[in-house]
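J.: Just dropping this structure here.
The values are calculated or read from the model by the stated rules, or taken from the named source; none is laboratory data. Please read these numbers as outputs of a predicted model, since none were measured by experiment. Virtual Cβ from ideal backbone geometry, glycine too; neighbours counted across all protein chains shown.
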Amino acid sequence: MLRIECPWCGVRNEDEFSYGGDATVERPADDASQDDWYDYVYTRANPAGRHREYWHHINGCRAWLTVERDTMTHEIFSTEPTSASLPQPQRKTGSL
């Protein structure tokens, strides 16, 4: 099981999250061709190694995260808020 660190809630099991897709794919312009839209919606690479992904903390704070993860080993290198418009997490230090 993956252990994902939510910037607001701390480290949680992956069953609190929902995979949201490839974070490296850019949405085409509204007036882009049908081929561009087809590729955006249906065509995805299946990378081996380090990759950026979207994850939704559905059973927690409900925020979207960008997670950098190795798709071969499942090692997680970093997590960060997906949107800069979200309130920045307040990291707690010390024991509770």
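J.: Go through the residues of the stretch 62-78 one by one and say whether even a single one is surrounded by 13 or more Cβ atoms within 10 Å (Cβ to Cβ) and in contact with a helix residue (DSSP H, G or I) (Cβ under 9 Å, 6 or more places away or on another chain).
T.: Within the stretch 62-78, not a single residue is surrounded by 13 or more Cβ atoms within 10 Å (Cβ to Cβ) and in contact with a helix residue (DSSP H, G or I) (Cβ under 9 Å, 6 or more places away or on another chain).
J.: Moving on. List every residue pair whose Cβ atoms lie under 7 Å apart, where the two residues are 6 or more positions apart in sequence or sit on different chains, the first residue falls within the stretch 61-72 and is under 17 Å from residue 18 (Cβ atoms), and the second residue, located anywhere, is in a strand (DSSP E or B) and small (Gly, Ala, Ser).
T.: 64/20
J.: Would it be correct to say that residue 69 is modelled with pLDDT under 95 and among the basic types (Lys, Arg)?
T.: no
J.: Further question on the same structure: Filter the stretch 53-77 down to the residues that are of a type in the set (A, V, I, L, M), assigned to a strand (DSSP E or B) and farther than 16 Å from residue 1 by Cα and list them by number.
T.: Listed by number, the list holds a single entry, 65.
J.: Sticking with this structure for a sec: If you take the residues in the stretch 4-45 that are of a type in the set (Ser, Thr, Tyr) and outside any strand (DSSP E or B), which one is surrounded by the most Cβ atoms within 10 Å (Cβ to Cβ)?
T.: 40
J.: List every residue pair whose Cβ atoms lie under 8 Å apart, where the two residues are 6 or more positions apart in sequence or sit on different chains, the first residue falls within the stretch 16-37 and is more than 26 Å from residue 61 (Cβ to Cβ) and charged (D, E, K, R), and the second residue, located anywhere, is surrounded by 14 or more Cβ atoms within 10 Å (Cβ to Cβ) and modelled with pLDDT of 95 or more.
T.: Filtered contacts from the stretch 16-37: 36/28.
J.: Taking the condition over 17 Å from the mean Cα position of the chain (by Cα) and part of a loop (DSSP other than H, G, I, E, B), does residue 48 pass?
T.: It is false that residue 48 is over 17 Å from the mean Cα position of the chain (by Cα) and part of a loop (DSSP other than H, G, I, E, B).
J.: Go through (1) within 15 Å of residue 80 (Cα to Cα); (2) in contact with an Asp or Glu (Cβ under 8 Å, 6 or more places away or on another chain); (3) touching a residue at least 12 places away in the same chain (Cβ under 8 Å) and name the single condition residue 50 misses.
T.: The failed condition is (1).
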